[in-house]
Amino acid sequence: MAQDSSLKHSYVSGQRAAAMPAPVEKHDVPPEFTPKLIRGAWFAMAHLVLERGATIANVNSGSGAFVFTMALLNPQHTYIGICNYVREARAAGKKYILPNLRFMGLSEAREQIHKDSLDGIISRFTMHEVYSAARCNDQAVVEDLKQQMNWLKPGGSMFIEGFALPETGYVLMEFPDEKSILKDGELISVPDLLVEYAQSARPFDDPSHQGFYLEELPPRFPRTRIFRLPSKWAYEFALRQDGLDRWEKELHKEYTFYTERD
């Protein structure tokens, strides 16, 4: 397959160099331009069927790396990276420069993006951020989605990616009783981390609802511990295992609150 010449550019410190006849070298692109990021950008865009020249907004763009990747891979479309704060948008705009990409803060987007003006909206793992920031109020999520739907043209497409609440009920979680996790410079076991999480989850919510039910049962095998807990919180705990470096920062957030049916 012939390589798209529109991708043959060098990116150094956020600046676009002249077009090159040779393919992009690894050191010419930002370090965050990883295969994982590329797969995520491809996955999101694969869910939108759009005409050439479409305008697409990426909500909660953060650093801007994800929407930059989509814009780089799809030069036939125009992208708007909507960051939570204007200062984030300015920083992303200085770092990621493409002719089909611009950034704005959320307050700017509410003023500048008109009703029925977007062909597509991509919202990846943003609903739980809105829900948690509103102290676990799902009405805030509804209002946020209404705003985004207002931006879409009739027949426009929205791609939402996030976490779904598992079916209600209780589950058992069993772990080896060994210290294998480095947290705050100290090795602890997964069971100890679960006990700590059961006591400290949702610290920004009503203190009377902080934490969740956790019951430790007699072990079935030597050097193991087994717990009974609600399926929601088992899932929440499992989701956090890949982000232990962000444990404290993410502690107040609830990832799951809507079921697939919702």
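A few remarks follow.
- Hey, P75 of a type outside the set (V, I, T), within 28 Å of K36 (Cβ to Cβ), touching a residue at least 40 places away in the same chain (Cβ under 8 Å) and open to solvent by 50 Å² or more (accessible area, probe 1.4 Å) or not: yes
- Verdict on R261 being open to solvent by 40 Å² or more (accessible area, probe 1.4 Å) and free of Cβ contacts under 8 Å to residues at least 40 places away in the same chain: yes
- Check on K115, touching a residue at least 60 places away in the same chain (Cβ under 8 Å) and either under 22 Å from I160 (Cβ atoms) or of a type in the set (D, E, K, R) (or both): no
- Residue identified as open to solvent by 50 Å² or more (accessible area, probe 1.4 Å), modelled with pLDDT under 95 and under 30 Å from G211 (Cβ atoms) among R110, R124: R124
To keep it simple, each residue is scored yes or no on (1) surrounded by 13 or more Cβ atoms within 10 Å (Cβ to Cβ); (2) free of Cβ contacts under 8 Å to residues at least 60 places away in the same chain; (3) touching a Leu at 6+ places or on another chain (Cβ under 6 Å); (4) in a strand (DSSP E or B).
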site: K146; (1), (2), (3), (4): no, yes, no, no
site: I160; (1), (2), (3), (4): yes, yes, no, yes
site: V171; (1), (2), (3), (4): yes, no, no, yes
site: E174; (1), (2), (3), (4): yes, yes, no, yes
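- Set R135, R90: member being at pLDDT 95 or above and not in a strand (DSSP E or B): R90
The values are calculated or read from the model by the stated rules, or taken from the named source; none is laboratory data. In this text, all values refer to a predicted model and were calculated from it rather than measured experimentally. Quick reminder, even Gly has a Cβ in these numbers, built from the backbone with ideal geometry, and neighbours come from all protein chains shown. Ligands, DNA and RNA are stripped out before the accessible areas are found, and what is left, the full protein with its side chains, is counted by its heavy atoms. Shrake-Rupley method; radii C 1.70, N 1.55, O 1.52, S 1.80 Å.
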